[in-house]
Structures are given as C-alpha cells and as structure tokens.
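Read the structure below first, then the notes.
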Amino acid sequence: MNSARPYQTRSARRAGAGAAPDWHNRRVSANDPIPGSNPAADAVAPALSPPGDADRPVEPAARRRPSWDEYFVGLVPMVAGRATCDRGRSGALIVRDHRIICSGYVGSPPGLAHCDDAGHLWRNVIDDDGSVRTHCVRTVHAEQNALAQAAKYGLPLAGTTCYCTMEPCATCAMLLISAGVERVVALRRYHAAAQSRELLAAAGVRLDVWHDEDQVYADQSRPA
C-alpha cells in the first residue's frame, strides 16, 4: 500500500483533504493492475483499502426503530399468508420475552383437504335471536393451530402474548386463557367477538386492538 496517499476517511474528505475511492459504487475490472506490480502507477493512484465504519452509508436521522409490538404485529400478515381459507386468512404468533414460541394460521389439519383446493365445508349456526348463519368448519383457526404446535413440541405458554390478525373467537379465547396467555394483541376487531372480550376481561387477559375496525373477509355475513 502506498503510504504517500493514505485512504481518506469521511471526516477527512469533509475537511477537503482529498478524494478517496468510492467503494460502494466502484466496479472491479479484470484489467485492474495488481497493487505493487507497478510502483510508478502506485505513486499516482490513490491507495486502496477496505472501507471502515466511517465510510458506510448514513441512514436518515428520522429513522425510528420499531417497538417490539410493531415488530411482531408486522410479522402477523406474513404468517397469515399461509392460510388456506379465504373466509379469514388469519395468522397468530405466541411470544414470550421477545421470542417467538410458536405460530399458526388458518388451515386444515395435516393430511386433510384445504378450502383453497376442495372448497368450503359449510355448517349452519343458530344464534340466540333465532337467526341462522353458516360457518366454514373445514379449517382450524390460527390461534388453535399455534396452540396445537406448542402442545406438539412441549412448549409451555404461561405468561405469553398472542399476536393475531383479528380478535379471537370465543373458543380460541377460552383456549388461550387455559394455555396461560396473559395478553392478546389483535390487528383488527372480529365482528362477533363480544363474548370473547367478556371472557378475556373476566380472566384478566389484556386485549389490545391496533385498528378499531372490523376485519373484512369473504362471505363474512353469509346467510344460511
């Protein structure tokens, strides 16, 4: 390396101490001379050395590091992308101490047909007011699949947080309570979650909803 023309740091360049190679944009050619093979050329060429920390691109000062909630909430749609029923492509992550314990998404049990392949499996549900609705019962809910994954691999869930696409249904809420989940963070509301909210509140499970609006999905209010 030519000590007469040392590599200039960013601070030195700002002070006008001379130009240095642009390591982030420079293209290496097969015709580039081998350092030391031509002392005369080395004497006039800027010395080449790997860029240090001071020469790395500077990020905008306005950048804000995501909180842990933002981090895990941002992962939920990726998990939900694996769902196989268009009536609710939901995902769920169960987390403890900023570490993902298990995950799940809406889908059929292993080895069974998925809605995306075989169509929906409808069943009628009669509400207290006598109204009749139809539900697809082919798939397992995201929260249930996450709990099943934890059970399969012997993972305790006491003191965990569940991040999910929408508020859990009443059955999922009861299962989360029974598993020891202490907090539920939902991206949006579930239009039929009134009982779920009551159950979670009664059990002392904190419920946080990021967007105070119902999750919309196909055939959401499909009549019988």
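The values are calculated or read from the model by the stated rules, or taken from the named source; none is laboratory data. Everything numeric in this text was worked out from a predicted model, so none of it was measured. For neighbour counting, all protein chains shown are included, and Cβ atoms are generated from backbone atoms with ideal geometry for every residue, glycine included. Heads up: the accessible areas ignore ligands, DNA and RNA and are worked out on the full protein's heavy atoms, side chains in. Shrake-Rupley method; radii C 1.70, N 1.55, O 1.52, S 1.80 Å.
Assorted remarks:
- Test: residue in segment 157-169 that is of a type in the set (Asp, Glu), at pLDDT 95 or above and either more than 24 Å from the chain's Cα centre (by Cα) or open to solvent by less than 70 Å² (accessible area, probe 1.4 Å) (or both): yes
- Whichever residue in segment 94-139 is farther than 30 Å from Ser67 by Cα and of a type in the set (Val, Ile, Thr) and, among such residues, is most open to solvent (accessible area, probe 1.4 Å): Ile126
- So Tyr163, is it of a type in the set (Phe, Trp, Tyr), within 21 Å of Arg87 (Cα to Cα) and touching a residue at least 60 places away in the same chain (Cβ under 8 Å): yes
- Top-ranked residue of segment 176-223 - restricted to ones that are small (Gly, Ala, Ser), under 23 Å from Cys136 (Cβ atoms) and open to solvent by less than 80 Å² (accessible area, probe 1.4 Å), ranked as modelled with the lowest pLDDT: Ala218
- Selection from segment 63-93 of residues that are assigned to a helix (DSSP H, G or I), open to solvent by less than 60 Å² (accessible area, probe 1.4 Å) and touching a residue at least 24 places away in the same chain (Cβ under 8 Å): Asp69, Phe72, Val73, Leu75, Val76, Val79, Ala80
- Test for Ala142: is it of a type outside the set (Ser, Thr, Tyr) and either modelled with pLDDT under 95 or open to solvent by 70 Å² or more (accessible area, probe 1.4 Å) (or both): no
- Within segment 72-108, being at pLDDT 95 or above and farther than 19 Å from Met166 by Cβ holds for Arg96, Asp97, His98, Arg99, Ile100, Ile101.
- Complete set of residues in segment 94-132 that are of a type in the set (Gly, Ala, Ser) and either touching a Pro at 6+ places or on another chain (Cβ under 9 Å) or touching a residue at least 60 places away in the same chain (Cβ under 8 Å) (or both): Ser131
- Between Val185, Val140, the distinction of being touching an Asp or Glu at 6+ places or on another chain (Cβ under 6 Å) and either within 18 Å of Ser103 (Cα to Cα) or aromatic (Phe, Trp, Tyr) (or both) belongs to Val185 only.
- Checked against (1) modelled with pLDDT under 90; (2) in contact with a helix residue (DSSP H, G or I) (Cβ under 8 Å, 6 or more places away or on another chain); (3) of a type outside the set (Phe, Trp, Tyr); (4) more than 21 Å from Asp214 (Cα to Cα), Asp116 passes all but a single condition, namely (2).
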